[in-house]
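To start, the structure itself, in structure tokens.
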Amino acid sequence: MLDARARLLLKALVERYIADGQPVGSRTLSKASGLDLSPATIRNVMSDLEDLGLIVSPHTSAGRIPTARGYRLFVDTMLTTQRDPLSAAGRFTTPRLAPDQPQKVFSNAAHMLSSLSQFVGVVMAPRRTSVFSHIEFLRLSERRFLVIIVSPDGDVQNRVIFTESDYTQSQLVQAANFLNSHYGGMAIEEVRERLKNEVDALRGEISGLMHAAVQASSEAIESRDEVLVSGERNLLAVSEFSSDMGNLRKLFDLFEQKAQLIRLLDVSSRAEGVRIYIGGESEVIPYQELSVVTAPYEVDGQVVGTLGVIGPMRMPYEKMIQIVDITSKLVSTALSHSK
């Protein structure tokens, strides 16, 4: 679509804008590209690039800045990464990932991503199996009970449930004993299905309690999917965001609620290698000003989660790719060694 001269000028414009954050004029572009072209020729090429939707001229400047489409062409066809990502990612070592403590691996990796990128680091911890090994009930008040769910790895989740009927403590013990003896060690979804089929075999007065408990257990275990976010405040130093407080609040809501992040990282986990979403390309995080660089991480060759960096479209993509790639490899190594 572009001849060699136009490609070189676009590459120089994107690199200059990423470095300086200022619209790039024809004189600056002439120096940056190293081409011996007249200002008029450069302006003509820039006009062509603008017609193609690759660059745009802000209202306040005669210079040009890349569009999301321009960044995409730059990333897909003009970006070269170094063979040694460690040198570009900066100095960091695997001991910081605490391989003997898997949960610290994720929190340290999120911090590592944010500190190296100076943007936001995100890590989605692996999904845990929705299995319970033991359940107990505690009566709090009339028709209000505490469900205590213990997972096979010893994790304890508490949920308050409300039921249509009230239950005595002996009925609570009976229900817990039935669930533990018949369903302990099963996946919650399997328990739910079996309860539907076996409801006639249950005593009517406790069947409602059991169904409510299984629903609460499912919600408790599923809620353990965790996204760790680090470095949100780094966005305050990004001019594209700091100049618009309304937009900045939306971004902080994104990191606070995390639902959209989980969907994005879940989609990314099914991809091979580093993925780059520029502007609103992900269709999950609807913010035109954001770009996201992600990579899956593995345990013994099996993808179990995703991590990445979130920042402005004007990010140094080559460096971000290297940071995300090497961090995913370090996390994979740390988790494999922790088994």
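The values are calculated or read from the model by the stated rules, or taken from the named source; none is laboratory data. Every value quoted in this text rests on a predicted model; they were computed, and no experiment measured them. Every residue, glycine among them, receives a Cβ derived from its backbone with ideal geometry; neighbour counts consider all protein chains shown. All accessible areas refer to the heavy atoms of the entire protein, side chains included, with ligands and DNA or RNA removed. Shrake-Rupley method; radii C 1.70, N 1.55, O 1.52, S 1.80 Å.
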Review point. Pick from region 143-167 the residues that are within 34 Å of the chain's Cα centre (by Cα), surrounded by 15 or more Cβ atoms within 10 Å (Cβ to Cβ) and of a type outside the set (A, V, I, L, M): which of them is nearest to Y183 (Cα to Cα)?
Key: S151
Study note, to complete from the structure: Restricting region 28-45 to residues that are over 15 Å from E15 (Cα atoms) and part of a helix (DSSP H, G or I), the one most open to solvent (accessible area, probe 1.4 Å) turns out to be R43
Review point. Which is hydrophobic (A, V, I, L, M, F, W, C), at pLDDT 80 or above, part of a helix (DSSP H, G or I) and in contact with a Phe, Trp or Tyr (Cβ under 6 Å, 6 or more places away or on another chain), of A212, A176?
Key: A176
